[in-house]
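Heads up: the structure comes next, in structure tokens.
Here, each number is a calculation from the coordinates, and none is a lab measurement. Values in this document were obtained by computation on a predicted structure and should not be read as measured data. Don't worry about glycine lacking a Cβ; one is built from the backbone with ideal geometry, like all the others, and counts go over all protein chains shown.
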Amino acid sequence: MIENEEYREALAVEVEEFIGEFENALKALKINTNIKDNIKILIRIHHTLKGDSGIFELDNYVKFFRDIELFIKNYTEPEKFLKIYDDLLPILLESFDLLKDLLKRARENKISDLNSDVVERVEKVLAAIELG
């Protein structure tokens, strides 16, 4: 748990902002709008959450967000991204759900690390997408 209420609240505020940005990016990508900008948003969100998770020693969250960030960085060109988008979408939706859960846990001061099984499964899915 995060003992410092000020830090916990700062995390909650940031995560809440990211939820809105993430949702808007997913909606825009669904209709192929501003693809390049929305890819950048997804990378920035995952990069920042990776750092935030590290501050709070949530190592599995760090791995989860890092894996997605680095994967998306390989597909910053819209054409390449759109080719893998349908396969990547379930992972992005899972990340979105984890954000909502992280917000709830931060508000309740019940933050705990992510189950390592989730990280391992996501790593396997990303590797399969990479292989095509």
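Rounded to the nearest 20, the Cβ-based charge dipole of the chain about its Cα centre (Lys and Arg +1, Asp and Glu -1) stands at 440 debye.
Just checking my list (i) 107; (ii) 86; (iii) 182 against volume of the Cα convex hull per residue in Å³ computed from this structure; which label fits? Among (i) 107; (ii) 86; (iii) 182, the one calculated here is (ii).
The mean sequence separation of alpha-carbon pairs under 8 Å and at least six residues apart, normalised by the residue count of the chain, gives a relative contact order of 35 percent. Which of LEU102, LEU58, LEU89 moves the most in a Gaussian network model of the chain with Cα springs under 10 Å? Its mean-square fluctuation being the largest, the pick is LEU89.
Each of VAL118 and ILE55 was given a label point 7 Å from its Cα along the Cα-to-Cβ line. The distance between the two points is 2.0 nm. Take the chain and mark each of the GluC sites (Glu not before Pro) that is in a DSSP loop with at most 13 other Cβ atoms within 10 Å; the longest unmarked stretch, sites excluded, is 58-132. The length gained on full extension between GLU23 and GLU9, counted as 0.36 nm times the residue separation minus their Cα-Cα distance, comes to 2.9 nm. For ASP37 and ASN74 in the same chain, what is the full-extension length gain: residue separation times 0.36 nm, less their Cα-Cα distance, in nm? Using 0.36 nm per residue and subtracting the Cα-Cα distance, I get 11.8 nm. Distance from the Cα centroid of the stretch 31-98 to that of the stretch 110-130 is 13 Å (rounded to whole angstrom).
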